[in-house]
1. Checking the structure you have, find out if any residue of the stretch 203-212 is in contact with a His (Cβ under 7 Å, 6 or more places away or on another chain) and over 30 Å from Arg2 (Cβ atoms).
2. Can you report the number of residues in the stretch 304-320 which are among the aromatic types (Phe, Trp, Tyr) and either farther than 21 Å from Ser340 by Cα or crowded, with 19+ Cβ neighbours inside 10 Å (or both)?
3. Could you check, for the stretch 178-199, whether at least one of its residues is crowded, with 17+ Cβ neighbours inside 10 Å, over 16 Å from the mean Cα position of the chain (by Cα) and under 27 Å from Phe55 (Cβ atoms)?
4. What number goes with the only condition from (1) closer than 30 Å to Pro283 by Cβ; (2) over 11 Å from the mean Cα position of the chain (by Cα); (3) surrounded by fewer than 24 Cβ atoms within 10 Å (Cβ to Cβ) that Pro326 does not pass?
5. Determine, yes or no, whether Arg35 is in contact (Cβ under 8 Å) with a residue 12 or more places away in the chain, surrounded by fewer than 24 Cβ atoms within 10 Å (Cβ to Cβ), under 14 Å from Asn208 (Cα atoms) and in contact with a helix residue (DSSP H, G or I) (Cβ under 9 Å, 6 or more places away or on another chain).
6. So, in the stretch 99-129, how many residues would count as being open to solvent by 80 Å² or more (accessible area, probe 1.4 Å), of a type in the set (Asp, Glu) and either touching a helix residue (DSSP H, G or I) at 6+ places or on another chain (Cβ under 6 Å) or under 18 Å from Glu147 (Cβ atoms) (or both)?
7. Within the stretch 44-62, is even one residue surrounded by 15 or more Cβ atoms within 10 Å (Cβ to Cβ), more than 21 Å from the chain's Cα centre (by Cα), of a type in the set (Phe, Trp, Tyr) and modelled with pLDDT of 95 or more?
Amino acid sequence: MRYDILIIGGAIVGSSVAYYLREEGFSGSIALIERDPQFAHAATTLSMASIRQQFSIPENIRLSQFTLKLFRRLKEEFGTDADIGFREGGYLILAGENGLPILKANHDAQVAEGADIVLEGAEQLTRRFPWLSTEGISAGAYGRTGEGWFDAHAMLMLFRKALREKKIDFITADVTGIERQGDHVTGVTLGNGETLEAGIVVNAAGPNAGKVAALAGLALPVEPRKRNVFVFEAREKYADMPLLVDPSGIYVRPEGSVYLTGGAEPEEGDGPADPSDFEPDWPLFEDVIWPVLATRIPTFEAIKPTRAWAGHYDYNTLDQNAVVGPHPQVGNFIFANGFSGHGLQQAPAVGKALAELIVHGGYRTVDCSAFGYSRVAEGRAFRELNVI
């Protein structure tokens, strides 16, 4: 079998690339290779499924703004029954005295890009959110519109369903090898021994992207990192609660009648996840998260944890930013990797950008040049400061 384009990874990034290739008029053959077709362990479906404009660099803000516009016209794009349960609850990112300069700089970048984010001091925040304790807080950045959360599985299924009508071949397999001749990749080998020839290979392998790149003899500083999400009940229901991020990095948001929380993984010792480890680390909730929640929202001193899950996400160890575009020497190997926790919200924009690059020879809607691989080769960080 030969395909014009082989996409390794069939979750939201790979599906978005395939979708927009067809939207941009690509008529060649496309295959989407996915080893976990139920997406039981996919970063897409195990994520917190949220979207924000509160980033530190304009390029990341623009990527999420593209997806936000897609959310606004979801029914027009995917049909009248399209629904991902988008709740525009906002983000509230808090900072103490030490974090205030960065919060202000980030806010300036966001406002310059047209984001509806307000920066408020402790007293203003208390008036806006009476349930919030501003102990140790100097200010907070609050997204009044254009931020919130949604159903990740529903979003993925919209794309996957649309692909069935666009002549995309779905292949369930592991990729165990990538054939390369000089400065071109020529195909991939699957776990069953089958070889598929390819004109272009797109790496959309999420947490496994570093290993996939290595199969082609290319270095990519992306590895899986384990992250936990805990669910708890509380007597008080705060309908106005945004996704709140404490200066400690711990976050919490409402989800129907319960709350979701996480973000307690320590930086020290945080390394590649065991590929088979999806067990929640309950001591993180008991010892680290709960005390912070009780301090920030005093009524959360009395809560009832109910369940939890753990997932792996693709962490770019260089600068916690995406790597997007072709390899400078191996030009038909294309990266869509390393989103470091914000891939779900940026996948449609990156899919659109890469489709434009492949079909038209350049970026048209969102310029992803700043995310190019050359910085990886040079060891030059393009750092995103607002990683949650």
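1. Within the stretch 203-212, none of the residues are in contact with a His (Cβ under 7 Å, 6 or more places away or on another chain) and over 30 Å from Arg2 (Cβ atoms).
2. Taking the stretch 304-320 first, the residues among the aromatic types (Phe, Trp, Tyr) are 309, 313, 315.
This time we only want the ones that are either farther than 21 Å from Ser340 by Cα or crowded, with 19+ Cβ neighbours inside 10 Å (or both), so: 313, 315.
Matching residues across the stretch 304-320 total 2.
3. no
4. Every listed condition holds for Pro326 apart from (1).
5. For Arg35, the condition - in contact (Cβ under 8 Å) with a residue 12 or more places away in the chain, surrounded by fewer than 24 Cβ atoms within 10 Å (Cβ to Cβ), under 14 Å from Asn208 (Cα atoms) and in contact with a helix residue (DSSP H, G or I) (Cβ under 9 Å, 6 or more places away or on another chain) - is met.
6. 1
7. Scanning the stretch 44-62 turns up no residue that is surrounded by 15 or more Cβ atoms within 10 Å (Cβ to Cβ), more than 21 Å from the chain's Cα centre (by Cα), of a type in the set (Phe, Trp, Tyr) and modelled with pLDDT of 95 or more.
The rows are residues; the columns are (1) aromatic (Phe, Trp, Tyr); (2) in contact with a strand residue (DSSP E or B) (Cβ under 8 Å, 6 or more places away or on another chain); (3) free of Cβ contacts under 8 Å to residues at least 12 places away in the same chain.
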site: Ala43; (1), (2), (3): no, yes, no
site: Met48; (1), (2), (3): no, yes, no
site: Gln54; (1), (2), (3): no, yes, no
site: Ile57; (1), (2), (3): no, no, no
site: Ser64; (1), (2), (3): no, yes, no
site: Arg72; (1), (2), (3): no, no, yes
site: Gly79; (1), (2), (3): no, no, yes
site: Gly90; (1), (2), (3): no, yes, no
site: Gly121; (1), (2), (3): no, yes, no
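The values are calculated or read from the model by the stated rules, or taken from the named source; none is laboratory data. Every value quoted in this text rests on a predicted model; they were computed, and no experiment measured them. Cβ atoms come from the backbone with ideal geometry, glycine included; neighbour counts cover every protein chain shown. Accessible surface areas use protein heavy atoms only, side chains included; no ligands, DNA or RNA. Shrake-Rupley method; radii C 1.70, N 1.55, O 1.52, S 1.80 Å.
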